[in-house]
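I have placed the structure first, in the form of structure tokens, so that the comments after it can refer back to it.
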Amino acid sequence: MINIAIDGPAGAGKSTVAKMVAKELGFIYIDTGALYRSIGIAALRKGFSTDNREQVISILPEIELSLKFVDGEQRVILNGEDVSRDIRLPEASMAASNVSAIPEVRSFLLDMQKKFARENNCLMDGRDIGTVILPDAELKIFLTASPEVRADRRYKELIEKGTPKAYDELLEEIKVRDYNDSHRAVAPLKPAEDAVIVDTSEMSLDEVVEKIISLAKDVKK
Ligand code: DC
């Protein structure tokens, strides 16, 4: 199996890029952030605080998570319920960032991610794919962009969706998440030593996709 790891900070465009590259290569695209988001949602639904480690750990034995693919789109099933929509609610982002700092949550999700990669040609995106989950991936990309560019992209996306939010607030959220994700003790966000760093601040979406596809084609040769 061929595995491609794409890591990088929130808002770098990983999922948009990864979906397009996976389609072109005929690979399965796995969005691992969705798994952390599902655990965050499960904790919030219990009325728990997602930064309370004991409370979050206490729900893990009750959680059954699986992924389904419908027309190439990933769906997350939490205890039999498709939560793909709920995990995109604004509160799910910070909840996911909080629960993802808990080592027990990370190990809970580890085998599931590794198993997918063993069984499929896949492109997996997240924060620790190249460093922890798939250290032997054939290609590792670290996709990044400046916080200002990422906040601006998010700002425009929300206007298009009809749910605008102030730019300054978005920039602040991105900075907080970057800090949380890269300063946690376990599996912090950082490029793997052998990752190709792609800074998309000055690149169009098509340029980024093209670059990754050409790197992937070199691997497949
Ligand atoms: O990619 P995303 O925004 O959906 O991720 C949500 C949160 O989950 C993010 O703040 C960090 C965490 N995460 C992680 O720690 N490891 C991953 N492989 C994927 C996401």
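The values are calculated or read from the model by the stated rules, or taken from the named source; none is laboratory data. Predicted model only: the values in this text are computed from it and were never measured. Cβ coordinates were reconstructed from backbone atoms using ideal geometry, including for glycine residues, and neighbour counts include every protein chain displayed. Areas reflect the complete protein model, heavy atoms only, side chains present, ligands, DNA and RNA absent. Shrake-Rupley method; radii C 1.70, N 1.55, O 1.52, S 1.80 Å.
Among the residues of the range 120-149, those identified as within 11 Å of the ligand (Cβ to nearest atom) and either over 14 Å from the mean Cα position of the chain (by Cα) or open to solvent by 10 Å² or more (accessible area, probe 1.4 Å) (or both) are Arg127, Thr131, Val132, Leu134. Of all residues in the range 10-19, which are more than 9 Å from the ligand (Cβ to nearest atom) and open to solvent by 10 Å² or more (accessible area, probe 1.4 Å)? Within the range 10-19, Gly13, Thr16, Lys19 qualify. Exactly one residue among Leu60, Leu67 is surrounded by 14 or more Cβ atoms within 10 Å (Cβ to Cβ) and away from the ligand (no atom under 14 Å from the Cβ), and that residue is Leu60. Residue pairs, Cβ under 6 Å, 6 or more apart or interchain, first in the range 19-32 and farther than 14 Å from Leu134 by Cβ, second among the acidic types (Asp, Glu) and part of a strand (DSSP E or B). List them. Once the first residue is farther than 14 Å from Leu134 by Cβ and sits in the range 19-32, its partners that are among the acidic types (Asp, Glu) and part of a strand (DSSP E or B) give Asp31/Asp125.
All conditions in (1) surrounded by 24 or more Cβ atoms within 10 Å (Cβ to Cβ); (2) more than 9 Å from the chain's Cα centre (by Cα) hold for Phe27, with the sole exception of (1). In the set (1) in a helix (DSSP H, G or I); (2) modelled with pLDDT of 95 or more; (3) open to solvent by 30 Å² or more (accessible area, probe 1.4 Å), Ile41 fails one condition alone, (3).
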